[in-house]
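Enquirer: Shown below is the structure under consideration.
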């Protein structure tokens, strides 16, 4: 419980708050489970004391105890009734800001949905494919890309190095060469002319390169290789290993030469993996970072922009940050088309349902169904949207 909320609760207990201040306290309780519980307890106790005053002497101990329990329950119900309209409507009055509390846990039974709404996003495999990254047969047991490799031999102006296509090295790559542990300045350079899976050969274009020296992979190629490995692992169905590969790229994203598009797509891919492995907070962090790069030049394609924002909106909905999710999803809607537009409309409907606006949710779900059409390709989406519509009826 925040310190300012605790202070207001103390003043409420002492009877020092005005009615307006009590409403502010009740609103804050919607976003703070500890404060909510404390306020319920205190309100119940105060109401019970007022209601029971003068009655206890007229009854025996058993009756008095039973009466006290009943009154506490009734007072708690009164408190719920006071708080319930804020949760049910999800719309601000003139003196309240919109709330974004977890409606599924704090709304009264009449305000809850029959089931949490289905949130739609693209399949992880489709997201990886949309980024046009080359797929390659890989298993989790194969080694991850390296950032540096030893020079194994030098002769006739050429050198062999323990770096290959697995590490992102391609024909024409320029490799800086270092000696010992000092990485402040290279002592030579190789121009790669032949590339194999785990080794390469190149021409020495600068310095005196010796066996045992170390060649470093340029950061842009490190990021590209790790992204490619992550995508390949997704294709192999190994999301945890894909996530580990993507995480290895994070320290390299802001290094010289790394293209903004590579930074965007790596962060979005990592966030998408994390969302699907129940790491919602981390997913939001990385998807927000990817979304922040959407405004940088060169601009991403409409597909990449829409899917990045859709993933972020879905993660925010799963965290029950409904207001922020709606803002992001409305932005995604501007460039959404085809099946992506169906998913955006559904998720906007889910956001409306979570904040208690069933009419808006129904309209958005129906718009999503209309956009989906009646094709085999959208059968899964239509089933999810139809269920969301059915679940708008309040549970009993």
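No value in this document is a laboratory result; all are computed from the given coordinates. Just so it is clear, the model here is predicted, and its values are computed rather than measured. Here the Cβ positions follow ideal geometry from the backbone for every residue, glycine too, while neighbour counts run over all protein chains shown.
Enquirer: Nearest 0.05, what FRET efficiency do residue 299 and residue 250 give at R0 = 22 Å with Cβ-Cβ as r?
Expert: 0.40
Enquirer: Can you give me the Cα centroid spacing of segment 282-305 and segment 218-250 in angstrom?
Expert: If you average the Cα positions of each part, the centres end up 18 Å apart.
Enquirer: Sorted by average packing, counted as other Cβ atoms within 10 angstrom per residue and highest first, what order do 255-263, 384-392 take?
Expert: Ranked from most to least packed, the peptides come out as 384-392, 255-263.
Enquirer: Here's something else I'd like to know. Just want the ordering: 382, 197, from fewest to most Cβ atoms lying within 10 Å of their own Cβ.
Expert: Ranking 382, 197 by Cβ neighbours within 10 Å, fewest first, gives 197, 382.
Enquirer: Also, I was wondering about something else. Applying 1/(1 + (r/R0)^6) with R0 = 22 Å to the Cβ-Cβ distance of residue 162 and residue 203, what FRET efficiency is obtained, to the nearest 0.05?
Expert: My answer for the efficiency is 0.80.
Enquirer: Then there is this: May I ask you to compute the full-extension gain from residue 337 to residue 191, defined as 0.36 nm times their residue separation minus their alpha-carbon distance, rounded to one decimal in nm?
Expert: This chain segment gains 48.1 nm when fully extended.
Enquirer: Further, regarding this structure: Want the number for residue 171 to residue 260: 0.36 nm per residue separation, take away the alpha-carbon distance, what's left?
Expert: Working: separation 89, 0.36 × 89 = 32.04 nm, distance 2.30 nm.
This chain segment gains 29.7 nm when fully extended.
Enquirer: Give me the log10 of I(q) over I(0) for segment 148-216 at q = 0.15, 0.21, 0.28 Å⁻¹, as the Debye formula computes it from C-alpha points; what are the numbers?
Expert: Treating every Cα as an identical point scatterer, log10 I(q)/I(0) equals -0.36, -0.73, -1.29.
Enquirer: For residue 144 and residue 370, FRET efficiency with R0 = 41 Å and r from the beta-carbon atoms, rounded to 0.05?
Expert: Taking R0 as 41 Å, the efficiency between residue 370 and residue 144 is 0.35.
Enquirer: Moving on to the next point. In nm, to one decimal, how far is the modelled label at residue 377 from the one at residue 123, with both set 7 Å along Cα→Cβ?
Expert: 1.3 nm
Enquirer: Give me the distance in nm between label points sitting 7 Å out from Cα along the Cα-to-Cβ direction at residue 360 and residue 277, one decimal.
Expert: For residue 360 paired with residue 277, the spin-label model returns 3.5 nm.
Enquirer: Highest mean first, what order results for 313-321, 370-378 on Cβ atoms within 10 Å? All intermediate terms of the calculation are to be shown ahead of the outcome.
Expert: Values: 313-321: 22.9, 370-378: 13.1.
Per-residue mean Cβ counts within 10 Å order the peptides as 313-321, 370-378.
Enquirer: Going by how many other Cβ atoms sit within 10 Å of their own, how do 204, 328 line up, fewest first?
Expert: Result, fewest neighbours first: 204, 328.
Enquirer: Can you tell me which of 342-348, 179-185, 166-172 comes out highest on packing, and rank the rest after it, using the mean Cβ neighbours within 10 Å?
Expert: Per-residue mean Cβ counts within 10 Å order the peptides as 342-348, 166-172, 179-185.
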